[in-house]
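Asker: I'd like to ask some things about the structure below.
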Amino acid sequence: MFSEVIKALSDGFLVTLQIFGITLLGALPLGLIIAFGSMSRFLPLKALVKTIVWIIRGTPLMLQLIAIYYGPGLLFHNNIWNYSNGRMTAVLVAFIVNYACYFSEIYRGGIESISKGQFEAGQVLGMTKSQIFFKIILLQVIKRIVPPMSNEIITLVKDTSLSRVIAVYEIIWAGQSFIKGAALIWPLFFTAVYYLAFCGILTVLFGLIEKKLSYFSA
Amino acid sequence: MSVLEINNIKKSFGRTEVLKGISFSLEKGEVLSIIGSSGSGKTTLLRCLNFLETADEGTISVNGSTIFDGSSAKKLSDSEIRSNRLHFGLVFQSFNLFPQYNILKNVMLAPTLLKRGSPEEVEAQARALIERVGLSDKISSYPCELSGGQQQRVAIARALALKPDILCFDEPTSALDPALTGEVLRVIKGLKSKDSTMIVVTHEMEFAKSVSDKVLFMADGIIEEYGTPDDVFGAPKSEKTKAFLNNSLERF
């Protein structure tokens, strides 16, 4: 029985990891784009971006998942997610947009905390805006945002369990199925071991990144 | 021909008129010190020259060609501003070295990005400049490992790496404790040659007196007095200059 449970939980955890990894890959760059939007000097764009961030951060992720998955079918009688990986795609869209909004505020805080002198030093040396951002500012921003980012990213590991609400087979679902199927409660609690182990690895990883960036002070 | 000629530069922030029509010219190889109390517009003037601020009116000409004309309706494009900036170098009061790069890389970064020669040439030139400011032994240190005076010397090398026509210093020693100002001022003095034109905004009167060819005293956004150090320090004409110099040179 134990090996059967481990097999099912591990299968579920692979899905969890998939949601986690793809969400990060999408949300990290999208968050930067949203951050630039919310710092834009073009006011309509800034207002639009700020409104979107307000809505996304102001409503539960679970609600967003349900809205994205069921919304098209209920509103337009057009279930765009009606294909084999449809549920998973809906989950990824919801997670990437949601996390990008949170990341964008962390990026914005980081970018605005860099002294104006760093931008000006690049300017008087004849650099272009993108050279200034990528060659001077970005690494200093990364150094400053590692602690808040690690918080968000560790929250993401556990938020993946929300995808269960639109029936994506991740680890919580896998554990829960043993209650109905085999009258076993411990597999559900055993999922915590997976979460703990993975978050432990991430914590060590973030510690290494912080250490790696400690050679300079900014 | 003057290397720099500025004419009737005006600049306001909101309703506050900071520069009320500044005109002067500078010959190649001259060192100009700009003195004056805080808020007189010295720093704003330097920032207008470096296009960190855009003057509202007036013209700026370098080597006889007008690079800025406040009366022309045409807004300068980003690339025009960038090429204009390259006529000038600026050393900041707060150094503004790039903390994540070591000293060599700080000096090499801009010439590398601007493709000023092969990587070997850029590095050789950077090493020579770092030696010139006396920091060869710190070449692979990071800015946070250097004293303020050393950081400022690196900032000078970094500005020189792009070979600007005119090198500007914005109160280069104001963020340093007195023990460190000497080394920076000696480096600036050492740069003086027939080819290097410099503008130094400073509160160091002795430095202005001994190093500069011209001294410009600014008060309330206008040039109150302009002349050789002997003229300005020895025989100031304006009452404001006299009062300022008395205050600055007062010994406690």
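The values are calculated or read from the model by the stated rules, or taken from the named source; none is laboratory data. Computed from a predicted model, the values in this text were never measured in an experiment. Cβ sites come from the backbone with ideal geometry, for glycine too, and all protein chains shown count toward neighbours.
Asker: Those residues that are among the charged types (D, E, K, R) and farther than 17 Å from A:G122 by Cβ, I need them from the range B:81-104; list them, please.
Answerer: none
Asker: Report, by residue number, each residue of the range B:95-106 that is in contact (Cβ under 8 Å) with a residue 12 or more places away in the chain and more than 7 Å from chain A (Cβ to nearest Cβ).
Answerer: Across the range B:95-106, the qualifying residues are B:F95, B:L97, B:Y101, B:N102, B:I103, B:L104, B:N106.
Asker: Quickly run through the range A:111-151 and pick out the residues that are more than 11 Å from chain B (Cβ to nearest Cβ), crowded, with 16+ Cβ neighbours inside 10 Å and small (G, A, S).
Answerer: Correct list: A:S150 only.
Asker: Looking at A:I154, A:I66, can you tell me which residue is at pLDDT 95 or above, in a helix (DSSP H, G or I), among the aliphatic types (A, V, I, L, M) and surrounded by 15 or more Cβ atoms within 10 Å (Cβ to Cβ)?
Answerer: A:I154
Asker: Out of (1) closer than 14 Å to B:L129 by Cβ; (2) within 14 Å of another protein chain (Cβ to nearest Cβ); (3) of a type in the set (D, E, K, R), what's the single condition that is false for B:D170?
Answerer: Result: B:D170 passes all but (1).
Asker: Moving on to the next point. What residue, among those in the range B:52-94 that are among the aromatic types (F, W, Y) and at the interface with chain A (Cβ under 8 Å from one of its Cβ atoms), is surrounded by the most Cβ atoms within 10 Å (Cβ to Cβ)?
Answerer: B:F88
Asker: Do the conditions hold for B:L109, that is, is it closer than 23 Å to B:F51 by Cβ, within 9 Å of chain A (Cβ to nearest Cβ), surrounded by fewer than 24 Cβ atoms within 10 Å (Cβ to Cβ) and not β-branched (V, I, T)?
Answerer: Answer is yes for this residue.
Asker: So, in the range B:155-182, exactly how many residues are under 18 Å from B:V31 (Cα atoms) and either hydroxyl-bearing (S, T, Y) or in a loop (DSSP other than H, G, I, E, B) (or both)?
Answerer: Qualifying residue count for the region: 6.
Asker: Does A:I34 meet the test of being modelled with pLDDT of 90 or more and closer than 20 Å to A:A197 by Cα?
Answerer: Judged against the criteria, A:I34 is not a match.
Asker: Could you please find all residues in the range A:43-63 being within 12 Å of A:V165 (Cα to Cα) and surrounded by 13 or more Cβ atoms within 10 Å (Cβ to Cβ)?
Answerer: Scanning the range A:43-63 gives A:L61, A:M62.
Asker: Quick one: how many residues across the range B:1-39 are charged (D, E, K, R), more than 26 Å from B:S79 (Cβ to Cβ) and assigned to a strand (DSSP E or B)?
Answerer: Total satisfying the criteria: 2.
Asker: Check off (1) farther than 30 Å from A:I6 by Cα; (2) assigned to a helix (DSSP H, G or I) for A:M127 and give me the number that stays unchecked.
Answerer: Result: A:M127 passes all but (2).
Asker: Being within 22 Å of B:S12 (Cα to Cα) and either surrounded by 21 or more Cβ atoms within 10 Å (Cβ to Cβ) or hydroxyl-bearing (S, T, Y) (or both) is the filter here, so list the residues in the range B:211-222 that pass it.
Answerer: Once the filter is applied, which keeps residues that are within 22 Å of B:S12 (Cα to Cα) and either surrounded by 21 or more Cβ atoms within 10 Å (Cβ to Cβ) or hydroxyl-bearing (S, T, Y) (or both), the range B:211-222 yields B:L216, B:F217, B:M218, B:G221.
Asker: Shifting gears a bit: Go through the range A:1-43 and give me each residue that's under 30 Å from A:W186 (Cβ atoms) and either acidic (D, E) or not in a helix (DSSP H, G or I) (or both).
Answerer: A:M1, A:E4, A:D11, listed by residue number.
Asker: Restricting to the range B:121-154, count the residues that are in contact with a Pro (Cβ under 8 Å, 6 or more places away or on another chain), within 14 Å of chain A (Cβ to nearest Cβ) and in a helix (DSSP H, G or I).
Answerer: So the count comes out to 7.
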